[in-house]
1. Over segment 26-340, calculate the relative contact order: mean separation of alpha carbon pairs under 8 Å at least 6 apart, over the residue count, as a percent.
2. Using a cut-off of under 13 Å, list every residue of segment 123-157 whose amide N is near the label point 7 Å from the Cα of residue 215 along the Cα-to-beta-carbon line.
3. Taking only the C-alpha atoms, wrap a convex hull around segment 26-340 and report its volume per residue in Å³ as a whole number.
4. How many angstrom lie between the Cα centre of segment 197-211 and the Cα centre of segment 52-111?
5. In straight Cα distance, which lysines are under 26 Å from residue 95, not counting same-chain residues fewer than 8 positions off?
6. Please calculate how many Å² of accessible area segment 26-340 carries per residue, with a 1.4 Å probe and no DNA, RNA or ligand atoms counted.
7. For residue 318 and residue 244, FRET efficiency with R0 = 45 Å and r from the beta-carbon atoms, rounded to 0.05?
8. Rounded to whole Hz and in sequence order, give me ³J(HN,Hα) for segment 42-48 from the Karplus expression 6.51 cos²θ - 1.76 cosθ + 1.60, θ = phi - 60°, writing x for Gly and Pro.
Amino acid sequence: MRFQPIWTILTVLAAYTTLVTAQYTLTDDLSHTNFLEGFEFFHDQDPTNGFVAYQTIEAAIQNKYIGYLNTSVILGVDSTNVTPAGRPSIRAESKKTWNHGLLLADIRHMPDSTCGTWPAFWMLGSGAEWPMKGEIDILEGVNDEENNAVTLHTTAGCVVDGVSADANAPFTGNMVTHNCDIQAADQAKNQGCSIKAPAQSDGKKLPTYGTDFNAAGGGIYALEWTSTSISVWLIPRDSPLASNLSSSPTTMHPDPSTFGTPLAHFAGSSCDFDARFKDMKVIFDTTFCGEWAGAPDVWDKSCKAKTGSETCDAFVRDHPEAFADAYWEIDGLRWFQSSRDETEKSGRGSSSVNNPKMRGRTYRW
């Protein structure tokens, strides 16, 4: 699993004046052998009605769906068996929750752009009915998608500034919707407010998702969450910044003002970010089909013809070989806190799942 970088660093545009510079210090390192200690494995029915069978940690270890590769953690799926009851997969949820901070996720590989897949790296407000404490989708897509979509989901009353990407915009992506309410009258149900990554940057293809992202060796997704905004960057694998962020992660003080213009930036006086986003946990999962990837209008767009299968469920059930590359390889996952947020006592360690069998254990294939 070696990848060659194919792009150069994004051009740094004008200084991003709406970000408040603050020194960030590492508070939680969930990388490598810390990952399994810091996460719990959801194994109930998929809330998005996917054709998936989420695994316990014991089953995941036994079937080699999880493991270590050098300094990375691997989260995979079943790619061997026909699975009439749904394809076995992983949904890992952090035990801790946070309020404000900077998250750096060094991802070398994500599930590729394969029909039937619905992978996501996201954050979810814990301890309340969805989406009372918010949802932040950092890296998400379905089927043969090529470009990432960064999306927020809330209850009514959170509308972000609806600007389009141009020379003066505070982000490089394209604003698709600006009402974060999952029941907004003029948007599709559960759509939220979303910014789509551009297909190109400076005339070159910008690999932000799936197969193209993997071919580029992945990259570092960064999220900054403050009282007034939520921003997401993709830092390319072959950039000097990515090298710097990976060289001394436990002692560095990353500065988002040096990251360039973010891919996505959500802000505006019509959203109280402190009220809408609270006690967020980090989640990695790969589901299949379900309410998005398996919706007839989505499946029929290209995957029905590509796969020869009438439905998403039928394809996922009968073609395990298609999902050999539907895995996450996470080389680093670190949460940083700024001095201005220390008094908020984030990272309290609360969790929606209690599984004492997972405590104090690390695993290797």
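The values are calculated or read from the model by the stated rules, or taken from the named source; none is laboratory data. This one's a predicted model, so the numbers in the text were calculated from it and none came from an experiment. Positions of Cβ are backbone-derived with ideal geometry, glycine not excepted, and every protein chain shown enters the neighbour counts. Accessible surface areas use protein heavy atoms only, side chains included; no ligands, DNA or RNA. Shrake-Rupley method; radii C 1.70, N 1.55, O 1.52, S 1.80 Å.
1. Details: 773 pairs, mean separation 98.5, N = 315.
The value is 31 percent.
2. Inside the label zone: 146-147.
3. Cα-based convex hull of segment 26-340, divided per residue, equals 132 Å³.
4. 26 Å
5. 64, 133, 278, 281, 345, 357
6. On the way: 11340 Å² over 315 residues.
Dividing the accessible area of segment 26-340 by its residue count gives 36 Å².
7. Numbers: r = 46 Å, r/R0 = 1.02.
According to the calculation, E is roughly 0.45.
8. Values per residue, Gly and Pro as x: 5, 9, 8, 4, 5, x, 9 Hz.
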